[in-house]
Every structure is written in structure tokens, then in C-alpha cells.
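First comes the structure, then the notes that go with it.
Please treat every number below as a calculation from the coordinates, not as lab data. Model, not experiment: these values are computed from the prediction. All Cβ positions, even for glycine, are placed from backbone atoms using ideal geometry, and neighbour counts span all protein chains on display.
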Amino acid sequence: MAVELSSEEVLHVARLARLELGAEESTSAARQLSAILEHVDAVRALDLGGIPPTSHPLELVNVLRDDVERPCLDRADVLAGAPAVEDGRFAVPRILGEAP
């Protein structure tokens, strides 16, 4: 089933989309949109009854490594390398550039 759009239909849709098309542009757009609609009709004509719907054409695999539990660093060792410590935590300057 061939779908032929007229340049008037294209101009109407362009006006709805607030696009300004000239006569030559509307003729060209009508040809291009008609070709697109023909391809859509060709896809609609396919028998896709036995094919499950997919969101991606290829199988997606998680490329991240598995989470493995392992011992963490000792708090005293970590705080030993800090420039300032307060109550067993890192001491940082207050916001807005105020001194600690």
C-alpha cells in the first residue's frame, strides 16, 4: 500500500509544529515522509507472531565485577595519614571558608 503525502498535508503538519517551510521544502519533505511511511508499511506487513518483544537487539551483560566482601582498612591506620583528626574522624574546614 503506497502512501503519498501531498505538500498541503506536509504544510499543515509543519504549521502545527510551528515550522515554516517553503514550496520546494514541502515537496521534498512530502517525498521523504512518503518513503518513510512506505518502510513502516513494509515492517507492518511482516509476520512477527513468534518473535518475543525486546528492548535491545543484543543480549546485555553486566560488565561489572561481582561484589566480594573483603576486610576494610583499620580506622587507626587511615586516620594516621590524615592532616587533622577530631573525635576519631577526619577534621575538615567548615563550609564557606571558615577556619576549623
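Here are a few things to note about the model shown:
- Every pair of residues 6+ apart whose Cβ atoms lie under 7 Å, when the first sits in segment 60-80 and is within 27 Å of Phe90 (Cβ to Cβ) while the second is surrounded by 10 or more Cβ atoms within 10 Å (Cβ to Cβ): Leu79/Val85
- Residue pairs whose Cβ atoms lie under 8 Å apart, separated by 6 or more positions or on different chains, with the first residue in segment 13-38 and within 13 Å of Val3 (Cα to Cα) and the second assigned to a helix (DSSP H, G or I), are Ala30/Ser7; Ala30/Glu9; Ala30/Val10; Leu33/Val10.
- Checking the stated criteria, Ala91 turns out not to satisfy the condition of being of a type in the set (A, V, I, L, M, F, W, C), surrounded by fewer than 10 Cβ atoms within 10 Å (Cβ to Cβ) and more than 30 Å from the chain's Cα centre (by Cα).
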